[in-house]
1. For the list (1) under 19 Å from residue 54 (Cβ atoms); (2) in contact with a strand residue (DSSP E or B) (Cβ under 8 Å, 6 or more places away or on another chain), I need the number of the one condition that residue 111 fails.
2. Does residue 104 count as touching a helix residue (DSSP H, G or I) at 6+ places or on another chain (Cβ under 6 Å) and either within 16 Å of the ligand (Cβ to nearest atom) or in a helix (DSSP H, G or I) (or both)?
3. Out of (1) more than 8 Å from the ligand (Cβ to nearest atom); (2) touching a helix residue (DSSP H, G or I) at 6+ places or on another chain (Cβ under 9 Å); (3) not in a helix (DSSP H, G or I), what's the single condition that is false for residue 82?
4. Can you tell me which of 42, 54 is at negative phi and over 13 Å from the mean Cα position of the chain (by Cα)?
5. In region 28-78, which residues are away from the ligand (no atom under 11 Å from the Cβ), in contact (Cβ under 8 Å) with a residue 12 or more places away in the chain and in a loop (DSSP other than H, G, I, E, B)?
6. Got a sec? Which of 16, 20 is more than 8 Å from the ligand (Cβ to nearest atom) and not in a helix (DSSP H, G or I)?
7. Inspect region 145-162 for any residue being more than 11 Å from the ligand (Cβ to nearest atom), without any contact (Cβ under 8 Å) to a residue 60 or more places away in the chain and under 21 Å from residue 203 (Cα atoms) and give the result as yes or no.
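The values are calculated or read from the model by the stated rules, or taken from the named source; none is laboratory data. Just so it is clear, the structure is predicted and the values come from calculations on it, not from any experiment. Reconstructed Cβ throughout: ideal geometry from the backbone, glycine too, with neighbour counts over all protein chains shown.
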Ligand SMILES: C[S@@+](CC[C@H](N)C(=O)[O-])C[C@H]1O[C@@H](n2cnc3c(N)ncnc32)[C@H](O)[C@@H]1O
């Protein structure tokens, strides 16, 4: 898929299915929040949700008092959905409309969170660009939390192929610059009741 095709795909998904009609919808991103709390710096620091879409994670991160909260996503429609939901609080968030495989510089953060974005990168060159951006962005001692479909998870999502991972195979993608310090599994139930196996990896920036 071309870069333009990728953006068009996601704009179409959010404009036709909305915030809660997508398979990945969660009313409470409980495991993400547990993992984020487990690595958050004492002074709460800076966090970015990469491919955050319209997720309510950003609402909860503002509640937790992070000094900087950013959301990056390729889809303007998704970001606008989250902004509208937050109303006046949306001014406290840095919104970045970009393709994670193309953007050069997004500043520095203590925590990079990604649920269900990295697994769409089926080309090695895209994965390498993603990992390079993560290395430039996450400060030494900071953390990367990545959730993907597990080895026994779906092979496709939103009409696109995905790559599936376990903590070990995720670690080989991020071995340069990050050490695996934790992992967890989760069974996600979609809004229409089917189950999807996810794996979460927690990495520390060396
Ligand atoms: C499966 S959804 C997950 C959304 C959110 N993380 C969640 O858990 O609700 C994948 C998200 O990644 C975004 N996305 C897909 N490819 C991207 C890319 N190359 N760069 C940035 N965002 C991307 C999509 O627009 C979509 O919001």
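1. Here residue 111 clears every test but (1).
2. No, not satisfied.
3. (3)
4. So the residue among 42, 54 that is at negative phi and over 13 Å from the mean Cα position of the chain (by Cα) is 42.
5. 28, 40, 41, 43, 44, 45, 65, 66, 67, listed by residue number.
6. 20
7. Looking for residues that are more than 11 Å from the ligand (Cβ to nearest atom), without any contact (Cβ under 8 Å) to a residue 60 or more places away in the chain and under 21 Å from residue 203 (Cα atoms), one finds at least one in region 145-162, hence yes.
One line per residue, one yes/no per condition, for (1) over 16 Å from the mean Cα position of the chain (by Cα); (2) buried (at least 18 other Cβ atoms within 10 Å of the Cβ); (3) at pLDDT 95 or above:
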position: 84; (1), (2), (3): yes, no, yes
position: 92; (1), (2), (3): yes, no, yes
position: 100; (1), (2), (3): no, yes, yes
position: 110; (1), (2), (3): no, yes, yes
position: 115; (1), (2), (3): no, yes, yes
position: 137; (1), (2), (3): no, yes, yes
position: 147; (1), (2), (3): no, yes, yes
position: 159; (1), (2), (3): yes, no, no
